[in-house]
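What follows is a short report on a single structure.
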Amino acid sequence: MTDIFLASGVRTPFSKVDGALSAYDSVALSVPVVQAMQARLAPGAKPDFAVWGSVVPNLGWSNIAREIWLDAGLDPHVPAFSLVLACASSVTAAIAAGGMLNEGVRDLAVVGGVESMSRVQLGLKQKFSDWLRHFLQARSLGAKLDTFGDLSLKDVRLHIPAIVNRVSGMSMGEHMEITAKEWRIPRAAQDEWALKGHQRVTAAQARGFFDDLIIPVGEAKRDTIPRADTSLEKLARLPPAFDKTSGKGTLTAGNSSPVTDGAAAVWVATRTGLGRLAQATPYARLVDFEISSIDFHTEGLLMAPSYGIPRLFARNNLNYADIDLWEIHEAFAAQVLANVAALEDKEWVRRNTGIGRDFGPIPWDRVNPNGSSIALGHPFAATGARDLSQAIKELWAMPKGSRAVVSVCADGGQGVVALLERPEA
C-alpha cells in the first residue's frame with residue numbers, strides 16, 4: 001500500500017470581503033498561489049495533476065482548476081480538475097488526490113481552494129433566464145412578442161447568491177444558533193474562545209509563524225483580519241448577528257468567522273513525490289480520514305465532525321489525549337464548543353455513532369495553538385488547505401510520531417476529518 005504524505009504549501013493573505021483582495025476574482029487570486037507552489041519544486045519538476053475547489057459558482061468557468069493552471073502559464077500537459085464539498089473542499093481534495101497517487105506512477109499533486117467573496121457574480125432568476133433564452137431564439141418579431149405572455153413582473157429579478165442552505169433556506173449562523181441553544185453554549189464562552197483565537201494569531205504573527213506560509217498578492221502582505229486590540233469587553237458589546245429578535249441570540253460578528261477572500265494550496269505526495277519538493281518543506285503522513293454526513297434537520301448542520309471523529313479514533317485505537325495537535329476549523333466559536341461537548345459526552349457518542357468507548361477529554365491546550373478561522377478568516381474552499389498547511393508546520397516542530405487531527409465542518413450536514421502523523425525524516 002502506498003504511503004501518502006501531505007506537505008505544507010502557501011496561501012494568499014486572508015482579507016475581509018471588499019478589502020485588500022477585492023480586485024481579484026477567484027482565478028486571479030489563485031494564480032500566484034499555484035505559481036509559488038511550482039517555484040518551490042526542484043528544477044524541471046512538476047506535479048502529476050492539480051485539484052482545486054471554489055464554493056461560490058461563477059458563470060465564466062466550469063472547471064476552475066484548469067482555468068487557474070492555464071492562466072498561471074504552467075505546463076498545459078498537467079491535468080487539473082475541480083472538487084467542491086462546501087467549506088471542506090480543499091481538505092477533501094487532498095484526500096481524493098491521495099487516493100489517486102500510486103508510487104512510481106502518479107507521485108505528486110497540488111491541491112487547494114479559493115473564494116473571492118468580493119467578486120460574487122449575480123445572475124438571473126431561472127424563469128427570467130428561461131424567458132430571455134426563448135426571446136433570443138424567436139425568429140420573428142411576432143414570435144418574440146409572444147414570449148411576453150410567459151413572463152410576469154415577479155419573474156424579472158436577479159439571483160443574488162447568499163450563504164444559506166438551499167433546503168432549509170437558513171444561513172449557517174441561523175442553524176448554529178439552534179445548535180448553540182440545544183447544547184447550552186453560553187455567549188461568554190463563545191467570546192472567550194474568539195478572543196483566544198485573536199490573541200494566538202497575533203502572537204503567531206509577531207514571531208513570524210505565518211511568514212513562510214503566506215505569499216504577497218498586490219499590496220496585501222499579511223492577514224488583515226486578526227485584531228490585537230480586541231477584548232472581552234469589546235466582544236461583549238456586539239449585538240447578535242443571526243437571532244436578532246428572540247433576545248437569546250449568542251452568535252455575533254465577533255465570535256463568528258468573517259466573510260473572506262483568499263486562496264490556499266497544499267502538496268499531496270508519495271515518498272517519491274516528496275523528492276520533487278524543496279528539502280525544507282515540512283510534511284506529514286496521512287494516516288486515515290473520515291467523511292461524515294448527518295441529517296441536519298435533527299442533528300445540527302455543522303455537527304458532522306463529532307460523528308466522524310469517534311469512528312476515526314475507534315478504527316485507529318486512539319484516545320483524544322493521544323493527539324498532540326488539534327486543528328479545528330472555526331466557522332463559529334459555538335460550533336467548536338458544541339462539537340467538543342458532543343465528543344466528550346460518552347452517552348451521546350454511543351447513541352449517535354454506535355461506539356461505546358470513552359475517549360476521554362479533549363486537551364484544550366492543544367486546540368488551534370496559532371488560531372483559526374474566527375481570527376484568520378474563512379474563504380470557504382481555501383480553509384481546508386490553510387488548515388492542513390498550518391497543522392503540518394506545527395506538527396513538523398514536534399517529536400517524530402506526534403499526531404494531529406484536522407477537522408472541518410461543511411454545509412449540508414457534512415464534515416471531513418484527517419489524521420496526520422509526524423514521520424521519520
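On the given criteria, is Thr179 surrounded by 11 or more Cβ atoms within 10 Å (Cβ to Cβ), β-branched (Val, Ile, Thr) and under 15 Å from Leu124 (Cβ atoms)? No.
Only one entry in Pro43, Pro13, Pro32 is assigned to a loop (DSSP other than H, G, I, E, B), open to solvent by less than 40 Å² (accessible area, probe 1.4 Å) and not small (Gly, Ala, Ser), namely Pro13. In segment 268-296, of all residues being within 20 Å of Phe49 (Cβ to Cβ) and part of a strand (DSSP E or B), the one that is most open to solvent (accessible area, probe 1.4 Å) corresponds to Phe289.
Taking the listed residues Asp155, Asp191, Asp146, Asp211, the one that is modelled with pLDDT of 90 or more, of a type in the set (Asp, Glu) and surrounded by 12 or more Cβ atoms within 10 Å (Cβ to Cβ) is Asp191, with no other qualifying. Does Val78 count as open to solvent by less than 40 Å² (accessible area, probe 1.4 Å), touching a strand residue (DSSP E or B) at 6+ places or on another chain (Cβ under 8 Å), modelled with pLDDT of 95 or more and outside any loop (DSSP other than H, G, I, E, B)? Spelling it out, it is not the case that Val78 is open to solvent by less than 40 Å² (accessible area, probe 1.4 Å), touching a strand residue (DSSP E or B) at 6+ places or on another chain (Cβ under 8 Å), modelled with pLDDT of 95 or more and outside any loop (DSSP other than H, G, I, E, B). The residue list Asn102, Asn165 contains one member that is under 20 Å from Pro379 (Cβ atoms) and either at pLDDT 95 or above or within 21 Å of the chain's Cα centre (by Cα) (or both), which is Asn165.
Checking each residue in segment 112-143 for being open to solvent by 70 Å² or more (accessible area, probe 1.4 Å) and part of a helix (DSSP H, G or I) picks out Arg119, Gln126, Lys127, Arg133, His134, Leu136, Gln137, Leu141. Taken residue by residue, segment 357-369 has no member that is within 18 Å of Ser292 (Cα to Cα), without any contact (Cβ under 8 Å) to a residue 12 or more places away in the chain and open to solvent by 30 Å² or more (accessible area, probe 1.4 Å).
The values are calculated or read from the model by the stated rules, or taken from the named source; none is laboratory data. All figures in this text were calculated on a predicted structure; none of them were measured in a lab. No Cβ is skipped: glycine too gets one built from the backbone with ideal geometry, and neighbour counts run over all protein chains shown. The area values use the complete protein model at the heavy-atom level, side chains included, leaving out ligands, DNA and RNA. Shrake-Rupley method; radii C 1.70, N 1.55, O 1.52, S 1.80 Å.
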